[in-house]
Amino acid sequence: MCSVSETSSRSVQYLAGLSVSFAFTFTGAVLSWPSPAIPKFKNGEANVQITDEQSSWVVALCPLGALLGCYFGQVLNEKVGRRRTILASVLPGLIALNLVYEDAMAYVRREKHHWCGKWDYCCEIADKEIRGAIGMLVQVMMNIGSLLVYGIGPFVSYTVLNSIVLSFVILYGFACLWVPESPYYHLKDGRLALAKKEFMFIKGTKDDKWASEQLAIMRSHVVESMANKTTTKELFTNVRYRKALYVVAGLKVLQYMTGTCAIQAYLEPIFRQSSSVSGPYVSIVYGFVQLAAGITATFLTGCVGRRVLMLTSSIGVAISLTAVGIYFFLQDYYQLSAQTLSSISAIPLVGVLGFNILYSIGLGNLPYIMQAELFPINVKTVASSLATMMAAILNFFVTKSYQGIKDFFGHYTVFWSFASIAYFGIFFIYFFVPETKGKTLEEVQDNLNVEAVEMERLNKEKQKE
């Protein structure tokens, strides 16, 4: 299947991907918000006094907000389409903005508009050659939001910090007003004329014959997929989705249980404890490194396969977290003198920055791209919703347990626990995760279906025996 016509242009795909990805500046800012906010709680600047236990709840409540968003996102994606769902995701952020100006509790300020559909949208509108790069824009935008919070947050008031974070929602809403609907949504419901109109606009072509040929291929796969049910039961009972399910579930465990959200949230307190460099300034360096790594990853996805990037990422994350754990083991368990610790104080800095770089080039965003690529249109919305719900639960568990594990078992236990998941990920990716780079969504499904048919044949042979 040819993904481009001689007269086509990809400018709309890039601009639409950029506009939709801008939502994740808010997500990145929200995830990083506790890093400058927690010290403001501790020193009374926020006019709210909270304990370490309450701080852990402030951090952990963010992913719980995503659970509700995923449910409504799934319903809206099917009922009103990707575009309207993307625009509707502005509303929760605006509600949170209103609560901030009414001086609501800090817990409420962590409301998150993590609605499903943005990754699916980016993958559905993009040509196979640039699908990975457009998907990685999400990581870049998330890193920009984090950098702004790390760079500005420690030096402004608590109210100004919240206003900056939530202003991203308004900007995102305006940026997405023009984006087209996904042709797959129209094809799913049989609106061929609208699907063709949106397809030609997205592809930047006036070649009617080529557009009709491409839509015919897309429609045949959509019709074949929609012949199956679109329920959660269908997703879990049909053998054709089994590999996609365990691959995405494994990648979600790897993506969130390696502790990225907890490290981002507690970044400034981590460095206040372990480094001679000021926590706020290290956070700024972290933000710049994270942004540079995200931009680099965007280009790498165009020339390096998903598997190679995720394997490299998992190996690097495992080594980096192990190194940070060793430093805290020497500090907490052996209780080395301050002079001895100062001679190795670069270890946590190098380790956390190394984690940042290696996580960003693979595990940070590629699991979301794979999630949107591996499931067919009939179960994609349900599957994406459930995958993001799973991510939210894992995120909650990691961020909530971070403070308790640190207090009872030591900081090194936290980092070595994260590292153990990354070591597991090396084997999981190598043996189970398929390569999807350079393939259309239809080709990805064809490959998975061949494996599913073979698996079903083997199961029937075993039953006969």
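The values are calculated or read from the model by the stated rules, or taken from the named source; none is laboratory data. Please read these numbers as outputs of a predicted model, since none were measured by experiment. Here Cβ is always computed from backbone atoms with ideal geometry, including for glycine, and neighbour counts include all displayed protein chains. With ligands, DNA and RNA removed, areas are computed over all heavy atoms of the protein, side chains included. Shrake-Rupley method; radii C 1.70, N 1.55, O 1.52, S 1.80 Å.
A count restricted to the stretch 42-90 and to residues that are of a type in the set (Ser, Thr, Tyr) and more than 21 Å from the chain's Cα centre (by Cα) stands at 3.
None of 302, 287 is out of contact with any strand residue (DSSP E or B) (no Cβ under 6 Å at 6 or more places or on another chain) and part of a helix (DSSP H, G or I) except 287.
For the stretch 371-385, indicate whether the set of residues that are more than 30 Å from residue 82 (Cβ to Cβ) and crowded, with 16+ Cβ neighbours inside 10 Å is non-empty. Checked against the condition, which is being more than 30 Å from residue 82 (Cβ to Cβ) and crowded, with 16+ Cβ neighbours inside 10 Å, the stretch 371-385 yields no hits at all.
Remark: pairs (first residue in the stretch 342-356, farther than 17 Å from residue 258 by Cα; second residue in a helix (DSSP H, G or I); Cβ separation under 6 Å; 6+ apart in sequence or on different chains) = 347/323; 347/327.
Note on the stretch 127-136: among residues that are surrounded by fewer than 24 Cβ atoms within 10 Å (Cβ to Cβ) and in contact with a helix residue (DSSP H, G or I) (Cβ under 7 Å, 6 or more places away or on another chain), the one that is modelled with the highest pLDDT is 127. Quick check on the stretch 442-455. Is at least one of its residues surrounded by 18 or more Cβ atoms within 10 Å (Cβ to Cβ), at pLDDT 90 or above and in a helix (DSSP H, G or I)? Scanning the stretch 442-455, I find no residue that is surrounded by 18 or more Cβ atoms within 10 Å (Cβ to Cβ), at pLDDT 90 or above and in a helix (DSSP H, G or I), so the answer is no. Number of residues in the stretch 200-230 that are surrounded by 13 or more Cβ atoms within 10 Å (Cβ to Cβ) and over 22 Å from residue 13 (Cβ atoms): the value is 7.
Residue 190 falls short on exactly one of the conditions (1) more than 27 Å from residue 367 (Cβ to Cβ); (2) in a helix (DSSP H, G or I), and that condition is (2). Checking every residue in the stretch 397-410 against the condition of being out of contact with any Leu (no Cβ under 6 Å at 6 or more places or on another chain), among the aliphatic types (A, V, I, L, M), in a helix (DSSP H, G or I) and crowded, with 19+ Cβ neighbours inside 10 Å gives at least one match. Which of the residues spanning the stretch 141-181 are over 15 Å from residue 46 (Cβ atoms), open to solvent by 10 Å² or more (accessible area, probe 1.4 Å) and not hydrophobic (A, V, I, L, M, F, W, C)? Across the stretch 141-181, the qualifying residues are 151, 167, 173, 181.
When residue 349 is tested against (1) open to solvent by less than 30 Å² (accessible area, probe 1.4 Å); (2) of a type outside the set (Val, Ile, Thr); (3) in contact with a Phe, Trp or Tyr (Cβ under 8 Å, 6 or more places away or on another chain), just one condition goes unmet, and that condition is (1).
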